[in-house]
Amino acid sequence: MVETPRARTRTADPAPATALFSERVRDCFSGAANQYEGGARIQRAIAWRLGHLCRPLAIGPGPKADLGAGTGLLARSIVLHRPDLNLLRLDNCQALLEQEPPQAGASSRLLWDLNLGLPAQLAGASLLASSFALQWLEQPRLQLDQWASQLARGGWLVLAVPCSASFEQWRQAAGRARVPFTGLALPAASELIEAVECQLQVVRCQRLRFSRRRPQALAFLRELKAIGAQASPTGQLSRTELRRLQTHWAPNPPKCPLEWEVLLLLARKP
């Protein structure tokens, strides 16, 4: 069942009635919660990979959590490989938390904004896992520092996050079209690795590359919206700007791939 206490929310500036970015992210994912798992193909593949990596780990007693759990893809994958583990699922979007399939069991869930740090009950955690969530936070490196500090000695951090080398085709097309790049400002992999190495012993570090043929800009942007991943501090393009982006999306060759760079980290607190 979902625990009812909510994280304290920050007070928005009284100036224009603009919601905090974290609230916009939450609202976008809420609107797409029902179809999220059907379209989140890379997220599902990464969740399976992280779950497999957890199979041989010596994980002690202490709290275990899936941070930014969404519909529970990662938590379910970890439990599939490690039935002895029970993870608390944290997310700021109730609609996603409620999507967990009945057959997945009644895992504990907590509605929580990770921009506020971790809740007190995760102090001394033996496992903190997160996939495709850190990039949505306002200060990814600062939050990652805090996650590492919450681990108990011998505790594990299992992390996957898309990084700044992603979507170069999109950036170049936006530059040629002279329109804003409206993708999320993703964290640099090197900075996240450096943050982890300050406190933890890195056992596995990979920069995975995924590519997909996306000759049509509008089709790709619709895919992002279909899973709720369209929130951006930059805002949306006008119809005229979208047409210009579409025109400049793929010059030569006509089907150049759109790429993701995903940082995968497995680290232990000495």
Worksheet item: In a solvent-free Debye calculation with one equal scatterer on each Cα, what is log10 I(q)/I(0) for the chain at q = 0.09 Å⁻¹, listed in the order of the q values?
Response: -0.42
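How high is the relative contact order of the chain, in percent, with contacts defined as C-alpha pairs under 8 Å that are six or more residues apart? All intermediate terms of the calculation are to be shown ahead of the outcome.
Details: 521 pairs, mean separation 62.0, N = 270.
This gives 23 percent for the chain.
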Discussion item. So for each of 261-268, 176-183 I average, over its residues, the number of other beta carbons within 10 Å; can you give me the resulting order with the highest mean first?
Written reply: 261-268, 176-183
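Report Rg(Cα)/(2.2 N^0.38 Å) for the stretch 84-225, keeping two decimals. Before the final figure, lay out each step's value.
Working: Rg = 17.5 Å, N = 142, 2.2 N^0.38 = 14.5 Å.
It is 1.21.
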Worksheet item: For all pairs of alpha-carbon atoms in the stretch 113-161, what percent lies in each bin of width 10 Å, listed from the first bin to the last filled one?
Response: 26, 61, 12
Practice prompt. Provide Rg over Rh for the stretch 37-161; use the alpha carbon set for both Rg and the Kirkwood Rh (inverse mean inverse pair distance).
Written response: 0.92
Worksheet item: Taking K and R as +1 and D and E as -1, what net charge do the other residues with C-beta under 10 Å from the C-beta of Arg141 add up to?
Response: -3
Worksheet, complete the sentence: Expected unfolding gain across Phe210-Gln94 under the 0.36 nm per residue rule, minus the alpha-carbon gap, is 38.8 nm
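Quick one: compute the contact order of the stretch 155-233, relative version, from alpha carbon pairs under 8 angstrom and 6+ residues apart, as a percent.
Details: 28 pairs, mean separation 24.8, N = 79.
The value is 31 percent.
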Response to the item:
Relative contact order in percent for the stretch 70-220 (Cα pairs under 8 Å, 6+ apart) equals 17 percent
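Over the stretch 29-92, what portion of Cα pair distances is larger than 20 Å, expressed as a whole percent? Could the numbers behind the result be given before it?
Values: 537 of 2016 pairs.
It works out to 27 percent of all Cα pairs.
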Item to complete: Between Gly228, Gly70, Gly60, find the one with the highest GNM mean-square fluctuation for the chain; connect C-alpha pairs within less than 10 Å.
Response: Gly60
Worksheet, complete the sentence: Cα-based Rg/(2.2 N^0.38 Å) for the stretch 141-257, rounded to two decimals, is 1.32
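Computed from the coordinates by the stated procedures, all read-outs in this text should not be read as laboratory data. Owing to the predicted nature of the structure, the values given are computational and were not obtained by experimental measurement. Because the Cβ atoms are built from the backbone with ideal geometry, glycine has one as well, and the counts that use them run over all protein chains shown.
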